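The structure under discussion appears below in the form of structure tokens.
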Amino acid sequence: MQPSPSSASSHPLGAAELPEVLVLGTGGTIAGVAPEGQRATGAGYTAGVLAVDQLTAAAAGVEQVARLDLRQVCNIDSKDAQPALWLELARQVRAWRALVPAGGCVITHGSDTLEETAWALDLLLEPGAPVVCTAAMLPATALSADGPRNLFDAVRVAADPAARGRGVLCVAHGRVHAARDVGKLYPARVDAFASGERGPLGFIDARGLRFTRELPRHGAGRLASACDAAGATWPRVELVCSHAGADGALVRALLAASRSGQLQPALSALVVLGTGGGTVHEQLQAALDEALAAGVRVEVVPRNGPCEGGEFDGLNAVKVRVQLLLQGLR
Ligand code: ASP
């Protein structure tokens, strides 16, 4: 059953009764540091420098919200993330839940691929205590850095029982987004994340946590068995785009490399960013027909918006790819 929108909630608890929250650090701009002389502007910063304990130390007051257990999973720029990170995070959350079933979890992450990790975790984790991803657009050294506030808010959401059973959430800039909907839609703004036409699930601010709309169908851990995949052999799922002049050359090159054994693993699926609601250039379509004949799965999605209805309802192309990767993991 899906939880319904709630009114504001907060934690009037004493220190001894504080909820427990696991914070998993993975890097990103939230852990970024700019060079001497550029500290305040953040220009030329390097992502994934500060350790997770330095991030929580900067989130003043967070110790009054929850008792934190801190773990550094990696410290990378999330543009360089690998799918193996999704499995590692899911395993850490599962192990934490086995020890502290009511304990929420926060993942500090780079903003670039946060939407991929969030959707992967939504598919990998059964509904339960809150799992909240957060990020920042300004490095930790910048004036008015957004990381400490985002982390503080993420812990508040993770510690709040009202956030239970809502799937994996993303918290940034006072908004709470569902993993299915969220995207880094405005990369030049500090409030970079949005949920498109659907809007955020709710808000976290001075009044507390408020959910303001029904949750879209979440991943519900329906690919949780991927966590136990024996060999962690990922299929090859590539993205191609339909556009003026799309002649299918990329698809044919992939097929040829697959056939010759040059491409390892061989191509197993294509996610096609179609024009409009999912139309495809006739020349690209001819190449896609060859791919289908060769046993490659082809999924066409709208290039400018989320899928509507069906298996991938609400997902953008990169999240469709995430889902196909997890479905094909062996
Ligand atoms: N490239 C950075 C990352 O994704 C961007 C960020 O975190 O805002 O790690």
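Would you confirm whether any residue within the stretch 248-255 is open to solvent by 50 Å² or more (accessible area, probe 1.4 Å) and either assigned to a loop (DSSP other than H, G, I, E, B) or among the aromatic types (F, W, Y) (or both)? Lay out the reasoning, then the answer.
Of the residues in the stretch 248-255, the ones open to solvent by 50 Å² or more (accessible area, probe 1.4 Å) are 249-250, 252-253.
Imposing the further condition that a residue be either assigned to a loop (DSSP other than H, G, I, E, B) or among the aromatic types (F, W, Y) (or both) reduces the set to none.
No, that holds for no residue.
Exactly one condition in (1) open to solvent by 10 Å² or more (accessible area, probe 1.4 Å); (2) within 19 Å of A172 (Cβ to Cβ); (3) within 12 Å of the ligand (Cβ to nearest atom) is not met by A60; state its number.
(3)
Residues in the stretch 75-84 that are within 10 Å of the ligand (Cβ to nearest atom) and free of Cβ contacts under 8 Å to residues at least 24 places away in the same chain: how many?
Total meeting the criteria: 1.
Which of the residues belonging to the stretch 18-48 are surrounded by 16 or more Cβ atoms within 10 Å (Cβ to Cβ), within 16 Å of the ligand (Cβ to nearest atom) and of a type in the set (A, V, I, L, M, F, W, C)?
L24, I30, A31, V33, A34, A47
State which residue pairs qualify: first residue in contact (Cβ under 8 Å) with a residue 40 or more places away in the chain and assigned to a loop (DSSP other than H, G, I, E, B) and inside the stretch 128-147, second residue open to solvent by 10 Å² or more (accessible area, probe 1.4 Å) and of a type in the set (K, R) in any location, beta carbons under 8 Å apart, and separation of 6 or more residues or different chains.
Within 8 Å, the pairs are M137/R189; T141/R39; A142/R39.
I need a count of the residues in the stretch 156-188 that are open to solvent by 20 Å² or more (accessible area, probe 1.4 Å) and either within 16 Å of the ligand (Cβ to nearest atom) or assigned to a strand (DSSP E or B) (or both).
The total comes to 7.
Could you grab the pairs with beta carbons closer than 6 Å, sequence gap of 6+ or different chains, first residue in the stretch 31-51 and under 15 Å from C74 (Cβ atoms), second one away from the ligand (no atom under 15 Å from the Cβ) and at pLDDT below 95?
none
Pairs needed: first member in the stretch 92-111, part of a helix (DSSP H, G or I); second member anywhere, within 16 Å of the ligand (Cβ to nearest atom) and open to solvent by 10 Å² or more (accessible area, probe 1.4 Å); C-beta distance under 9 Å; at least 6 residues apart or different chains.
Q92/V73
Taking the residues in the stretch 128-141 that are open to solvent by 20 Å² or more (accessible area, probe 1.4 Å) and touching a Lys or Arg at 6+ places or on another chain (Cβ under 9 Å) as candidates, determine which candidate is farthest from G196 (Cα to Cα).
Step one: filter the stretch 128-141 for residues open to solvent by 20 Å² or more (accessible area, probe 1.4 Å), giving 137-138, 140-141.
Of the ones still in play, those that are also touching a Lys or Arg at 6+ places or on another chain (Cβ under 9 Å) are 137, 141.
Numbers: M137: 19, T141: 30 Å.
Only one residue fits best here, namely T141.
Of these, S268, S225, S258, which one is exposed (fewer than 13 other Cβ atoms within 10 Å of the Cβ) and among the polar types (S, T, N, Q)?
Step by step, each of S268, S225, S258 is checked, and only S225 is exposed (fewer than 13 other Cβ atoms within 10 Å of the Cβ) and among the polar types (S, T, N, Q).
List the pairs whose first member sits in the stretch 181-193 and is charged (D, E, K, R), whose second member is within 12 Å of the ligand (Cβ to nearest atom), and whose Cβ atoms are under 7 Å apart, counting only residues at least 6 apart or on separate chains?
Within 7 Å, the pairs are K184/S111; K184/D112; K184/L114; K184/E115; K184/A192; K184/F193.
Checking the condition of a type in the set (A, V, I, L, M), surrounded by fewer than 23 Cβ atoms within 10 Å (Cβ to Cβ), farther than 24 Å from V33 by Cβ and away from the ligand (no atom under 15 Å from the Cβ), which residue from L70, L125, L87 passes?
Selected residue: L87, the only one of L70, L125, L87 that is of a type in the set (A, V, I, L, M), surrounded by fewer than 23 Cβ atoms within 10 Å (Cβ to Cβ), farther than 24 Å from V33 by Cβ and away from the ligand (no atom under 15 Å from the Cβ).
Which numbered condition in (1) under 22 Å from the mean Cα position of the chain (by Cα); (2) not in a loop (DSSP other than H, G, I, E, B) is the only one that P306 fails?
With (1) under 22 Å from the mean Cα position of the chain (by Cα); (2) not in a loop (DSSP other than H, G, I, E, B) applied to P306, the lone miss is (2).
Kindly indicate whether any position in the stretch 208-218 is within 16 Å of the ligand (Cβ to nearest atom) and in a loop (DSSP other than H, G, I, E, B).
Our first condition is that a residue be within 16 Å of the ligand (Cβ to nearest atom); within the stretch 208-218, this holds for none.
There is no residue in the stretch 208-218 that is within 16 Å of the ligand (Cβ to nearest atom) and in a loop (DSSP other than H, G, I, E, B).
Considering the stretch 29-50 alone, what residues qualify as being within 20 Å of the chain's Cα centre (by Cα) and either farther than 25 Å from R189 by Cα or part of a strand (DSSP E or B) (or both)? Walk me through it before giving the result.
Filtering the stretch 29-50 down to residues within 20 Å of the chain's Cα centre (by Cα) leaves 29-32, 47-48.
Matches in the stretch 29-50: none.
Hey, could you check the stretch 100-122 for residues that are open to solvent by 40 Å² or more (accessible area, probe 1.4 Å) and either closer than 17 Å to A220 by Cβ or in contact with a strand residue (DSSP E or B) (Cβ under 9 Å, 6 or more places away or on another chain) (or both) and say which is farthest from the ligand (Cβ to nearest atom)?
A102
The values are calculated or read from the model by the stated rules, or taken from the named source; none is laboratory data. Model, not experiment: these values are computed from the prediction. Note that we place each Cβ from the backbone using ideal geometry, even for glycine, and neighbour counts take in every protein chain shown. Side chains are part of the model used for accessible areas, which takes the heavy atoms of the whole protein and leaves out ligands, DNA and RNA. Shrake-Rupley method; radii C 1.70, N 1.55, O 1.52, S 1.80 Å.
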